[in-house]
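Worksheet: the structure to be examined is printed underneath.
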Amino acid sequence: MAQPSFPNRQPAVPPPGGAFGPPVPAGSLAPPTPPPRPPGRGRRAWRPAVLAVVLAVAVLVTGGALLLLADRGGSGTSGTEAEAAAGDAAGPRLPAEVIDAEMAWAGNAPAGDGQSIEARGLWYQDGLVVKHMGDAITAFAAATGDEAWTFPLAPGEFGCRASVTADAGRIALHQGFHCEILTVLDIVTGEEVMSLEMTSHPPPSQFDVPAILGDTVAVGYGTGTGGAGYSISQEQQIWRTEPGETCPETGYAVWDDMFVSVVSCAQGAGDRGGVRATTESGRELWRWRVEEGEAFAVLGVLSVEPLVVYGQYGQGYGGGDVAFLVVDDARESVATEIAWDDDRHGAPCSRGDLSGCPLALVEGDRLYAVDSLIGNSIRVHDLTAGHALYEITPEHGGIVTLAGSVDGEVLLYEGPEGGSGVVRALDPATEETRDVMRLNQRAEERGIMTDALSRTYWRTVWVAPENALLLELLSRAGTGEESLLIAYR
C-alpha cells in the first residue's frame, strides 16, 4: 500500500521513522520586516473543553450582536486571587449557585462592507472580548464594552479566516485580496507580531483556517490541495506539502498542545488518508488511517480521546452519505459508526474548520448533536453502541443548543419564547439538569433578543474561567445591518 509522505518540519532531532520531504531552502521567502515582538506571555489558549463556540446554523453573515453574561457578585471574576489560583489548579468549575446576569453595556459595531462574510473569530483573553469584524479585529473590555484596540485588515475579495484557538495570547489570521497574507496578532495589545506574504504555493481559500501552536503556524491552502508551516520567530516558511503529493496534509487544528491534521488522498490512491497528530516540531504522536473500502473524507474532529471524526463518504463535499466515526483506542479501526443526515438534521461542522463542529460535542461516552432542521432538540448518542439514547428539548419552548462542557457536565442554552434565557448543566450520568445562569432581561431587552434571535444566526460561548456566557447574534447575509453588541454582567 502506498504510504502518504509529509513535509519537513525541521525538528531538532529527526523523528523515528518520519516520512518527510526536503526542507524549504533558506531565503526562499522574503517576508517584510515586522515590528518588534511583544514580550512573551504564558500560554493561555481557549481549548475546546474550556471554551465552546456553538453556531446555530453554519451561515454567511454581514454582522452580529454579541452578548456577554457574567457572574454578578457570585463565583466568577470577583473571587480572590487565591481562589482563582485554586480554580486554575483544579481545572474549570461551574458556579455552585445560580448566576443572575443583567445587561451591563450595549453599543454598535461596524456594519462591514456589505459583502457576505462568515463569522470568523471570537476569543476571550485577559478581560477582553476579541471579535473578527470582517474588516478589522476589535477588542472590547468585557466589563464595560469600551473599545480597547482595533487592528485594521487588508481588504480582500473573500472573507478570510483566523485560528479558532489562541496560543500564548496570539492568533493567526489570513488577510488580503486572496487571503495570501499570513499575520500573527497579539490579542492583548492588538500589536502585529508577524506578517508575511505567502508566495510559494496557491493561496489559502476563504475556507482554510490556520492553526497556531508555540512558534509555528500551520496553514492549509487551495481548499484541500496541501499545507505549509511557518515559523513566527524566523518569519518564513519552514515546511510544505510538495505539489503533486498523493496524500498531503490539507487542514490543521490544535488539540491539547498538539497539531491535528487531516490527510487527504487523491481518488485512486492506495492509501485512504485519515488523521494525524504531531508535536509542534513535527514528531508524530499517532496516526489513524481510513480503512480499505469506500473513500471517506474527514471534515471535522470532535474529540481526540476517543478519536471521533465527522466526514463524508466519497471525495468530500458533494459526495455521499455523512457520518460520525468512533475510532478504537489503538486508532487502528472504526469501532462505531453513527449515521447522520445533513438534509434532515443540518451539518454539525463548519466547512474548512477542522476543529469547528459547533453543533456537536463529545463528553465521556456520549455524542451530543443539535437537531437543527427538524425541531429544537439535541440528540444524545451512545458512542459504544452507536444509536440515539434520548432527545433533549427546551423546557419552556423556544430554542435549545449546546454551549460547551465543563468538568464533565454538558452546558445547554435555552432561549424560551417571550422570556429570558437560561443556561443549564446536564449531568450525563443521571441525565438531570440544573440551572447555572439566568438572563434577567427587562421588556426592552427581551425585544432586542427576540428580534436578534429571529434572524436564526447566532452562537453561544461559555467562558469557563470567568463563568460567563457569550451570545453572538448574527444578521442575515446581504442585509447591511449594523452589528449590535450587548453585554450582560
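The values are calculated or read from the model by the stated rules, or taken from the named source; none is laboratory data. In this text the structure is predicted, and so the values were computed from the model without any measurement. All Cβ positions, glycine included, derive from the backbone under ideal geometry; neighbour counts span all protein chains shown. With ligands, DNA and RNA removed, areas are computed over all heavy atoms of the protein, side chains included. Shrake-Rupley method; radii C 1.70, N 1.55, O 1.52, S 1.80 Å.
Take the Cβ atoms of Asp407 and Arg438, set R0 to 30 Å, and the FRET efficiency comes out at 0.90.
Principal axis analysis of the Cα atoms in the range 162-240 yields extents of 33, 22, 19 Å, listed in decreasing size.
A cut-off under 13 angstrom between Cβ atoms defines the neighbours of Val334, and their net charge, with Lys, Arg +1 and Asp, Glu -1, is -4. Summing Lys and Arg as +1 and Asp and Glu as -1 over all other residues whose Cβ lies under 12 Å from the Cβ of Ala139 gives a net charge of -4. Estimated at 0.36 nm per residue, the fully extended path between Asp427 and Glu292 surpasses their Cα-Cα distance by 44.8 nm.
Stretching the chain fully between Ala143 and Asp215 yields a gain of 22.8 nm (0.36 nm per residue, less the alpha carbon separation). Stretching Ser281 away from Tyr390 to a fully extended chain increases their span by 34.9 nm, per 0.36 nm per residue minus the current alpha-carbon distance.
Each of Gly311, Thr279, Val290 was scored by the projection of its Cα onto the charge dipole of the range 259-369, and the greatest displacement toward the positive side belongs to Thr279; charges sit on the C-beta of Lys, Arg, Asp and Glu.
Taking every alpha-carbon pair under 8 Å whose residues sit at least 6 apart, the range 163-275 reaches a relative contact order of 17 percent.
When only the heavy atoms of the protein chains count and the probe is 1.4 Å, how do Arg442, Arg379 rank by accessible area, highest first?
Working: Arg442 125, Arg379 45 Å².
Largest accessible area first, the list is Arg442, Arg379.
Compute, for the range 206-309, the length of the dipole vector about the Cα centre, with Cβ point charges of +1 (Lys, Arg) and -1 (Asp, Glu) only. Units Debye, rounded to 20. Intermediate results must be reported in sequence, preceding the final value.
Values: 6 positive and 15 negative charges, 21 e Å.
With Lys and Arg at +1 and Asp and Glu at -1, about 100 debye.
Compactness of the range 316-408 is given as radius of gyration and Dmax, 13.7, 44 Å, from Cα positions.
A cut-off of 5 Å between modelled amide H atoms, ignoring neighbours fewer than 5 places along the same chain, links His178 with Glu157.
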